[in-house]
1. Run the helix sum for the chain: -39,500 (n - 2.57) per DSSP H stretch of 4+ residues, divided by residue count, reported at 222 nm to the nearest 500 deg cm²/dmol.
2. Binning at 10 angstrom from zero up to the longest distance, how are the C-alpha pair distances of region 1-138 distributed in percent?
3. What does the net charge come to around Y328 if you take all other residues with beta carbon closer than 12 Å to its beta carbon, with K and R at +1 and D and E at -1?
4. Using only the Cα atoms, what convex hull volume per residue in Å³ does region 203-259 have?
5. Going by average Cβ density within 10 Å per residue, which order do the peptides 157-163, 258-264 take, highest to lowest?
6. For L170 and R311, calculate 0.36 nm times their separation in residues minus their Cα-Cα distance, and state this gained length in nm to one decimal.
7. May I ask for the angle, rounded to the nearest 10°, between helix 31-54 and the longest principal axis of the chain, with both axes built from Cα atoms and the value confined to 0 to 90°?
8. Within the chain, count lysine pairs with alpha carbon atoms under 30 angstrom apart where the residues are 8 or more positions apart or belong to different chains.
Amino acid sequence: MDAAPKAGIADDVAMLRAAAELTRDIAKARPGIYWPDLLASAVLGYAALAGAILIGSWPVALLCGVVAVIALYRALGFIHELTHVREGALPGFRFGWNLLVGVPLLIPSFLYEGVHTLHHQRIRYGTVEDPEYLPLALMKPWSLPLFIIVALLAPVGVLLRFGVLTPLGLLFPPLRRLVAEKYSALSINPAFRRRPAEGELRRQWFWQEAGAMLWAFALMASVPVLGWKPLLVWAAVLSGVAVLNQLRTLVAHLWENDGAAMTVTAQYLDSVNVPPPALLAPLWAPVGLRYHALHHLLPSLPYHSLGEAHRRLVAKLGAQSTYGQASYSGLFLLVGRLARATMGGRA
């Protein structure tokens with residue numbers, strides 16, 4: 001589908017109304033689901049990471065590494081929920097997540113909070129002001145492998161960001177301003193520049209960055225004491241998490257917009273749901289991310305309600321409705337569609 005017609009799609013008022021009305025009773029985040037899910041994912045991930053470091057058998061260590069990637073990727077996915085959950089709905093969850101996941105993986109939540117919500121603003125989505133959008137379907141074929149390869153360097157990037165640039169920024173204020181503007185956001189748009197944080201986010205930024213800096217120091221200082229293996233295994237697992245997330249990002253949208261402002265329905269149709277019976281979607285798109293198009297309709301709906309919301313909307317509107325047009329069968333179909341688009345073929 002061409003970008004221009006999609007940008008001109010009018011809103012499907014019936015779909016938007018149904019999405020709001022059918023989900024009012026499941027719109028509340030439930031701590032009894034969030035906390036056990038996060039804790040189980042983190043415990044499993046770190047136990048597997050320890051196994052990958054300590055176990056002498058390479059096949060077993062490799063299996064532990066794979067489990068660590070999948071479990072920590074799921075734990076990391078809760079950063080997405082932090083940006084949308086209503087204030088006061090999950091007391092202590094932000095602090096707990098950063099303590100368990102954000103700081104140890106050197107991806108504290110300030111890198112995403114105050115950034116991701118811009119992606120959901122109607123006037124920004126798919127434009128040059130969207131930090132999380134690139135018209136990948138309209139770019140050259142080499143852009144897709146490059147998009148994935150960059151993720152492999154994530155451990156080096158975060159170690160430099162927090163272990164080198166953060167302390168240097170304390171000494172040189174101009175460098176700190178540059179780092180805050182260009183290297184303090186989980187964005188894929190290279191033209192995005194972050195504005196200074198304000199209020200509570202500024203305070204969160206301070207302690208999260210301080211914690212990440214100290215942890216980066218500890219990781220680098222561990223080499224003379226513990227040798228290279230623990231740091232390299234940590235880096236390999238983080239690379240795996242980053243690549244898995246980059247693959248998921250690659251198919252979260254169709255990436256067909258050329259920069260024009262879009263209606264909510266057009267944004268929805270440029271986004272992707274991978275509902276059941278796709279069996280592997282919970283692994284590569286965890287914490288509700290398999291319903292990414294639905295999430296763009298209802299950004300504040302908690303992840304544990306998205307599956308039920310999808311079932312209700314399909315029952316109400318039908319699989320052939322506008323709502324059903326954003327559902328796809330799996331990862332490989334979507335990657336193939338995007339690859340064909342970059343080569344000039346029609347999806």
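1. Values: 18 runs with 194 residues, N = 347.
That comes out to -17000 deg cm²/dmol.
2. Histogram of Cα-Cα distances, whole percents per bin: 10, 27, 28, 23, 10, 2.
3. Working: positive: R290, R337; negative: none.
Every neighbour counted, the sum reads +2.
4. Values: hull volume 6.8 nm³, N = 57.
Here the figure is 119 Å³ per residue.
5. Details: 157-163: 19.7, 258-264: 16.6.
Highest to lowest by the protection proxy: 157-163, 258-264.
6. On the way: separation 141, 0.36 × 141 = 50.76 nm, distance 5.11 nm.
Taking L170 through R311 to full extension adds about 45.6 nm, to one decimal.
7. Value to nearest ten degrees: 50.
8. Details: K6/K140; K6/K316; K28/K316; K140/K182.
The result is 4.
The values are calculated or read from the model by the stated rules, or taken from the named source; none is laboratory data. As the structure is a computational prediction, the values presented were derived from the model and not from experiment. All Cβ positions, glycine included, derive from the backbone under ideal geometry; neighbour counts span all protein chains shown. We work out accessible area using only protein heavy atoms, side chains counted, and drop any ligands, DNA or RNA first. Shrake-Rupley method; radii C 1.70, N 1.55, O 1.52, S 1.80 Å.
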